[in-house]
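Here is the structure we will look at.
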Amino acid sequence: MSLMRDANIHEAIELLNVFWNKSMTEAERKEAFTVIVYLGAIMVLAYNFIANVMNGIIFTATWAKVSIAAESSPLSVWPLFLERKATMDMFFGMPCLPARAIITIPFFFKYRKFVVAMANRSPLREKFPIINRYMSLIMSWLIANLGVVGGFTYLLVKASSVVTGVPVFPMVP
């Protein structure tokens with residue numbers, strides 16, 4: 001540990017290089033690399049989930065605001081909706097980045113359990129372990145990031161429609 005604090009970065013990299021090349025076999029290096037990539041991908045997907053949930057909330061708030069202002073569905077005044085959404089993203093998008101990162105840290109462990117559970121249920125687990133890992137990432141993204149967040153956003157938009165009294169889909173004359 002003192003080497004990490006007192007030495008420069010080049011010595012720390014050399015120490016890691018010695019560990020990587022001298023104490024690990026080729027198969028262990030491949031497995032370690034796969035695990036690092038897998039955990040990194042899970043971290044990115046966990047962050048993406050949190051960011052998408054926050055974007056869904058911003059989308060719904062913009063939907064409600066435009067519904068009230070236009071007294072019709074935002075689908076009928078789409079350019080106005082997109083303009084307001086861009087404004088809301090400017091104020092709540094990037095300034096919320098630290099909050100998203102902080103929320104992602106504890107959420108990562110739950111998301112990781114979800115991805116690993118999907119990998120453990122897969123029929124590819126025994127025969128194709130690497131493909132199984134990547135398929136569990138893809139399936140978790142489809143289920144959590146598209147399905148759950150899409151459903152959550154849709155339910156919020158429907159609830160906002162009930163509160164504002166403006167239907168989601170514009171009435172055709």
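Bear in mind these aren't lab numbers, they're just calculated from the coordinates by the rules spelled out. Bear in mind the structure is a predicted one, so any value in this text is a computation, not a measurement. Here Cβ is always computed from backbone atoms with ideal geometry, including for glycine, and neighbour counts include all displayed protein chains.
General observations
- Computed FRET value (nearest 0.05) for residue 36 with residue 148, which takes r as the C-beta separation and R₀ as 25 Å: 0.40
- Note on residue 127: aspartates and glutamates with a C-alpha under 16 Å away, same-chain residues under 8 apart excluded, are 31.
- Exposed-loop-free span, longest in the chain, where GluC sites (Glu not before Pro) count as exposed if DSSP calls them loop and at most 14 other C-beta atoms lie within 10 Å: 1-70
- Summarised in one figure, the compactness ratio Rg/Rh of segment 88-168, Cα atoms and Kirkwood Rh, is 1.14.
- Separation of the alpha carbons by more than 26 angstrom is noted, of 22/113; 85/158; 30/113, for 22/113.
- Label positions at residue 139 and residue 124, each projected 7 Å from the Cα along the C-beta direction, are separated by 0.9 nm.
- FRET efficiency, 1/(1 + (r/R0)^6) with R0 41 Å, evaluated for residue 113 and residue 68 via beta carbons: 0.50
- Estimated vicinal HN-Hα couplings, Hz - segment 146-151 in sequence order (Karplus 6.51, -1.76, 1.60; Gly, Pro = x): 9, x, 5, 5, x, x
- Its convex hull of Cα atoms gives segment 25-164 a direction-averaged projected area, equal to a quarter of the hull surface, of 10.7 nm².
- Computed FRET value (nearest 0.05) for residue 86 with residue 164, which takes r as the C-beta separation and R₀ as 22 Å: 0.60
- Straightening the chain between residue 131 and residue 78 buys 14.9 nm, computed as 0.36 nm per residue apart minus the Cα-Cα spacing.
- Trypsin sites (Lys or Arg not before Pro) restricted to segment 41-130 and DSSP loop, no more than 10 other C-beta within 10 Å: 127
- Each helix, a run of at least 4 DSSP H residues, gives -39500 (n - 2.57); summed and divided by the residues of the chain, these come to -26000 deg cm²/dmol at 222 nm.
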